[in-house]
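See structure below.
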Amino acid sequence: MKSARPGKDRVVLDTSLFVNPEIRNDFGNTPTAAINGFLEIARQIPSLEFYMPSSIFRELLNFVNEKEIPGRLLAVLHQKSPSKHELTCPAFLLYELIEDIRERVNRGLRIAEKAVRTAGKSDEQDIIQGMRKNYREALRDGIIDSKEDVDLILLAKELDALLVTVDHGVIKWAEKLGIRWLLPSKFRDYLMSFIENEQDQNSSEGL
């Protein structure tokens, strides 16, 4: 199975690092500025390699003007799809996923039943909005519900990489597979610690 070059730690990035307004401010106040801010720091850390699944990178392009993306991004942030036909996952994950989905469907049914019982007792629009909110939380919160989510997990597993994401569902299943993960709000500090360590090493070698 083809992997990254030896001797380097790998990091797999989710789009939230650049597009989520509550997160990206550590690097810049717009997606493009956040990308440039990340590149400015990342280029100072030769001991790290950065990856993003191709499907996730395509998502990122929906938030930025391609012409504004610096060419060096492709040299620093490698696009790679996971080796779907070569990777294997423990069978217990399939059992847990089925059990999780069944439980969520049952919760969704109870939410719909509750909404029906309150019909005529409250404003119809309020009932619909409340049911949609609760139904969405019951079925989608904490679950992997897209191919892009799966790509993140599989690529991090394949590369034995640190996964940087804010998605609770991705984090939950990453933990089941023993994948290291980090919240984007801590990522800048993580990068700066590498720069500080390398500066300390250079200072020690100069003595």
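The values are calculated or read from the model by the stated rules, or taken from the named source; none is laboratory data. In this text the structure is predicted, and so the values were computed from the model without any measurement. Neighbour counts run over all protein chains shown; Cβ positions are idealised from the backbone, glycine included.
Please find, within segment 114-128, the residue that is farthest from Ile143 (Cα to Cα) out of those that are among the polar types (S, T, N, Q) and surrounded by 11 or more Cβ atoms within 10 Å (Cβ to Cβ). Steps first, please.
Within segment 114-128, the first condition is being among the polar types (S, T, N, Q), and the residues that meet it are 118, 122, 125.
Narrowing the set further to residues that are surrounded by 11 or more Cβ atoms within 10 Å (Cβ to Cβ) leaves 118, 122.
Values: Thr118: 29, Ser122: 31 Å.
Ranking the candidates gives Ser122 first.
Considering only segment 66-92, state which residues are assigned to a helix (DSSP H, G or I) and at pLDDT 80 or above. Full working, then the answer.
Of all residues in segment 66-92, those assigned to a helix (DSSP H, G or I) come to 66-68, 73-76, 91-92.
Listed by number, the residues that qualify are Leu73, Leu74, Ala75, Val76, Ala91, Phe92.
Taking segment 150-186, which residues are farther than 12 Å from Val12 by Cα and acidic (Asp, Glu)?
Once the filter is applied, which keeps residues that are farther than 12 Å from Val12 by Cα and acidic (Asp, Glu), segment 150-186 yields Asp167, Glu175.
Please go through segment 87-99 and pick out each residue that is within 18 Å of Leu154 (Cβ to Cβ) and surrounded by 10 or more Cβ atoms within 10 Å (Cβ to Cβ). Outline the logic, then answer.
First, the residues of segment 87-99 that are within 18 Å of Leu154 (Cβ to Cβ): 87-94, 96-97.
Correct list: Leu87, Cys89, Pro90, Leu93, Leu94, Glu96, Leu97.
Within 13 Å of Leu152 (Cα to Cα) and at pLDDT 85 or above: which single residue out of Phe63, Phe50 fits that description?
Working: Phe63 fails: within 13 Å of Leu152 (Cα to Cα).
Being within 13 Å of Leu152 (Cα to Cα) and at pLDDT 85 or above holds for just one of Phe63, Phe50, which is Phe50.
Being in contact with an Asp or Glu (Cβ under 8 Å, 6 or more places away or on another chain), surrounded by 15 or more Cβ atoms within 10 Å (Cβ to Cβ) and touching a residue at least 12 places away in the same chain (Cβ under 8 Å) is the requirement here; does Ile111 meet it?
Numbers: in contact with an Asp or Glu (Cβ under 8 Å, 6 or more places away or on another chain): no; surrounded by 15 or more Cβ atoms within 10 Å (Cβ to Cβ): yes; touching a residue at least 12 places away in the same chain (Cβ under 8 Å): yes.
Considered against the rule, which asks whether it is in contact with an Asp or Glu (Cβ under 8 Å, 6 or more places away or on another chain), surrounded by 15 or more Cβ atoms within 10 Å (Cβ to Cβ) and touching a residue at least 12 places away in the same chain (Cβ under 8 Å), Ile111 comes out as no.
For segment 1-15, how many residues meet the condition of being at pLDDT 90 or above and not aliphatic (A, V, I, L, M)? Steps first, answer last, please.
Here is the first cut: in segment 1-15, the ones at pLDDT 90 or above are 9-15.
From what's left, not aliphatic (A, V, I, L, M): 9-10, 14-15.
Of the residues in segment 1-15, 4 are at pLDDT 90 or above and not aliphatic (A, V, I, L, M).
Which residues, counting only those in segment 173-185, are assigned to a helix (DSSP H, G or I), over 23 Å from Pro21 (Cα atoms) and either not assigned by TED's automatic domain parsing to the domain that holds Leu152 or not small (Gly, Ala, Ser) (or both)? Don't jump to the end; show me each part of the working.
Taking segment 173-185 and keeping what is assigned to a helix (DSSP H, G or I), we get 173-176, 184-185.
Among the residues that remain, those that are also over 23 Å from Pro21 (Cα atoms) are: 173-176.
The answer is Trp173, Glu175, Lys176.
Being assigned to a helix (DSSP H, G or I), free of Cβ contacts under 8 Å to residues at least 60 places away in the same chain and not hydroxyl-bearing (Ser, Thr, Tyr): is that true of Glu49 here? Reasoning before the result, please.
On the way: assigned to a helix (DSSP H, G or I): no; free of Cβ contacts under 8 Å to residues at least 60 places away in the same chain: yes; not hydroxyl-bearing (Ser, Thr, Tyr): yes.
Taking the combined requirement at face value, the residue does not satisfy it.
Name the residues in segment 121-140 that are among the charged types (D, E, K, R) and outside any helix (DSSP H, G or I), would you? Walk me through how you get there before you give the answer.
Step one: list which residues in segment 121-140 are among the charged types (D, E, K, R), which gives 121, 123-124, 126, 132-133, 136-137, 140.
If the condition is that a residue be among the charged types (D, E, K, R) and outside any helix (DSSP H, G or I), then Lys121, Asp123 are the ones that fit.
I'd like the full set of residues that are among the small types (Gly, Ala, Ser) and in contact with a helix residue (DSSP H, G or I) (Cβ under 8 Å, 6 or more places away or on another chain), limited to segment 157-197.
Selection gives Ala161, Gly169, Ala174, Ser185.
Quick test for you: out of Phe63, Phe92, pick the one residue that is aromatic (Phe, Trp, Tyr) and either without any contact (Cβ under 8 Å) to a residue 40 or more places away in the chain or not assigned by TED's automatic domain parsing to the domain that holds Ile45 (or both). First the steps, then the outcome.
Numbers: Phe63 fails: either without any contact (Cβ under 8 Å) to a residue 40 or more places away in the chain or not assigned by TED's automatic domain parsing to the domain that holds Ile45 (or both).
None of the other options fit; the residue is Phe92.
Please tell me if Glu59 is among the acidic types (Asp, Glu) and assigned to a loop (DSSP other than H, G, I, E, B). Give the derivation first.
Numbers: among the acidic types (Asp, Glu): yes; assigned to a loop (DSSP other than H, G, I, E, B): no.
Considered against the rule, which asks whether it is among the acidic types (Asp, Glu) and assigned to a loop (DSSP other than H, G, I, E, B), Glu59 comes out as no.
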